[in-house]
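Notes follow once the structure below has been shown.
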Amino acid sequence: MFNLKHIRHTYIPNHDVLSKDIRIERGEHLLLLGPSGCGKTTLLNIMATLLPLESGEITFDNKDYSSLSQAQKDTMRAENFGFIFQRHHLIGHLNVVQNIAVTQTRKDPAYIKALIRTIGLEGKEKQKARDLSVGEAQRVAIARALANRPNVIFADEPTSALDDSNTQNIIDLIFDQAKATNATIIAATHDARIKSRFNNILEMSA
Ligand SMILES: Nc1ncnc2c1ncn2[C@@H]1O[C@H](COP(=O)(O)OP(=O)(O)OP(=O)(O)O)[C@@H](O)[C@H]1O
Ligand SMILES: [Mg+2]
């Protein structure tokens, strides 16, 4: 599904790992592990086409990033990728339902309702994002990332703001959805609680 070769980026200090070829197959669960500042977020962003590819090669489903226009990248991203950001980026004045619906390409209110039930926020549908607790906001951001049933779920520290019980619920939600849709998960975390769920770990050093 993904092929990476010799990725380099101004902000990624360690080039050792990334100078190798990395293949990620459909349905794989890959965890990027490494100390703060080693470039996990940067690499996720490059793979998700949110940052430009400065040097090296990436293909997704045989599409070569360096030969795609911005519009083609935007379409590819909207059709295939869901992104859970390290900082949740919710829209403060919109409520829970509106925030989840905002990136849905095909409107599906029933699915949004089901997601809200799974993240445990039934009854808070109309609450504005700015009035949510940090953990609640992170759960909404996760529902938003899953609302399009993406082929690839990028998850940047998805559970850092969550307690143990919510961490298990959220990880179950992400993995259950990935299983149902045969999606690939590419995550970055320090969180030892979720390490065991991944079948492939890529260690990055500082
Ligand atoms: N826009 C930028 N301008 C300058 N330096 C940047 C920029 N973005 C990231 N960096 C630097 O690149 C390095 C990698 O950052 P990145 O956010 O990818 O690390 P990370 O592994 O995700 O860390 P953390 O575990 O703390 O989230 C850091 O040293 C960071 O300071
Ligand atoms: Mg990071």
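The residues of the range 21-35 that are surrounded by 15 or more Cβ atoms within 10 Å (Cβ to Cβ), within 15 Å of ligand 2 (Cβ to nearest atom) and in a loop (DSSP other than H, G, I, E, B) amount to a single one, Gly34. Of the residues in the range 148-161, none is in a helix (DSSP H, G or I) and of a type in the set (D, E, K, R). Could you list, in sequence order, the residues of the range 36-57 that are open to solvent by less than 30 Å² (accessible area, probe 1.4 Å) and either without any contact (Cβ under 8 Å) to a residue 40 or more places away in the chain or under 21 Å from Thr184 (Cβ atoms) (or both)? Answer for the range 36-57, where residues must be open to solvent by less than 30 Å² (accessible area, probe 1.4 Å) and either without any contact (Cβ under 8 Å) to a residue 40 or more places away in the chain or under 21 Å from Thr184 (Cβ atoms) (or both): Gly39, Lys40, Thr42, Leu43, Leu44, Asn45, Ile46, Met47, Ala48, Thr49. Scan the range 163-206 for residues that are more than 18 Å from Lys40 (Cβ to Cβ) and either free of Cβ contacts under 8 Å to residues at least 60 places away in the same chain or among the aromatic types (Phe, Trp, Tyr) (or both) and the total you get is 17. Leu53 falls short on exactly one of the conditions (1) more than 16 Å from ligand 2 (Cβ to nearest atom); (2) under 20 Å from Met204 (Cα atoms); (3) part of a strand (DSSP E or B), and that condition is (3). Against the test of being open to solvent by 40 Å² or more (accessible area, probe 1.4 Å), small (Gly, Ala, Ser) and within 16 Å of ligand 1 (Cβ to nearest atom), the options Ala187, Ala180, Ala192 yield a single qualifying residue, Ala192. Within the range 80-103, residues that are free of Cβ contacts under 8 Å to residues at least 24 places away in the same chain have Cβ atoms under 9 Å from residues that are within 16 Å of ligand 1 (Cβ to nearest atom) and of a type in the set (D, E, K, R) in these pairs: Arg87/Asp156, counting only partners at least 6 apart in sequence or on another chain.
Of all residues in the range 36-50, at least one satisfies being touching a helix residue (DSSP H, G or I) at 6+ places or on another chain (Cβ under 8 Å) and either away from ligand 2 (no atom under 16 Å from the Cβ) or β-branched (Val, Ile, Thr) (or both).
Take the conditions within 16 Å of ligand 2 (Cβ to nearest atom) and under 24 Å from Asp176 (Cα atoms) and apply them to Leu18. Does it pass? Considered against the rule, which asks whether it is within 16 Å of ligand 2 (Cβ to nearest atom) and under 24 Å from Asp176 (Cα atoms), Leu18 comes out as no. Residues in the range 1-20 that are of a type in the set (Phe, Trp, Tyr) and buried (at least 18 other Cβ atoms within 10 Å of the Cβ): Phe2 alone.
So, Gln72, is that one in a helix (DSSP H, G or I), surrounded by fewer than 16 Cβ atoms within 10 Å (Cβ to Cβ), away from ligand 2 (no atom under 13 Å from the Cβ) and at pLDDT 90 or above or not?
On the way: in a helix (DSSP H, G or I): yes; surrounded by fewer than 16 Cβ atoms within 10 Å (Cβ to Cβ): yes; away from ligand 2 (no atom under 13 Å from the Cβ): yes; at pLDDT 90 or above: yes.
The answer is yes for Gln72.
Among the residues of the range 131-177, those that are farther than 15 Å from Thr118 by Cα, among the acidic types (Asp, Glu) and open to solvent by 40 Å² or more (accessible area, probe 1.4 Å) comprise Asp131, Asp163, Asp164.
The values are calculated or read from the model by the stated rules, or taken from the named source; none is laboratory data. Small disclaimer: the values here were computed from a predicted structure and weren't measured. All Cβ positions, even for glycine, are placed from backbone atoms using ideal geometry, and neighbour counts span all protein chains on display. In case anyone asks, the SASA skips ligands and DNA or RNA and just uses the protein heavy atoms, side chains included. Shrake-Rupley method; radii C 1.70, N 1.55, O 1.52, S 1.80 Å.
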